[in-house]
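The values are calculated or read from the model by the stated rules, or taken from the named source; none is laboratory data. This structure is a prediction, so every number in the text was calculated from the model and none was measured. Using ideal geometry, Cβ is built from the backbone for each residue, glycine included, and neighbour counts are taken over all protein chains shown.
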Amino acid sequence: MSGITYSLDFLLVVETVDHQIIGQTPDDKSRFNNGSFFGDIKDLPLIKASLIGKGHFISVDLVDGHAEVDGVKVCPPQDVVSNTRLKLVYRRTVQQRRTYSAAVGIKQVLFGESKDLGPLVKYFIGWEYFFKGKTRHWELGME
């Protein structure tokens, strides 16, 4: 999602197998082209990824399958932990919000002004993995 019109509240930070730390910018710009940050890192060999912002963080370990929320370990299902092929899942959803004022009269509705409340953005991070021949996702989210 390049060309976003809002600043990200939670930033994605990843660690590669050679321990290089790469972080997303609030405008989600690619370092190399007109795409997004995720396009830069989606094919890199990663060992850890984190969502950081608003005084909170979620980290997922792509080697041993554990997760942390604000430093507290979260136990994913056993099929995730025992899986050796974990792939990063990162997504965000954007809900546009707007209010409208209206006055209701006899046989008519008069619309007043509308107000843009700004987007409600939810962020998700986790793994894609294979279990019993099927692709599955395990995600944690913040808004």
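Of all residues in region 14-51, those that are more than 16 Å from the chain's Cα centre (by Cα) and in contact (Cβ under 8 Å) with a residue 60 or more places away in the chain total 0. Within region 33-44, the residues that satisfy the criterion of being over 19 Å from GLU15 (Cβ atoms) and loosely packed, with under 11 Cβ neighbours inside 10 Å are ASN33, ASN34.
Restricting the search to strands (runs of 3 or more DSSP E) fully inside region 1-118 and requiring at least 3 residues that are touching an Asp or Glu at 6+ places or on another chain (Cβ under 9 Å) and at pLDDT below 90 gives 87-105.
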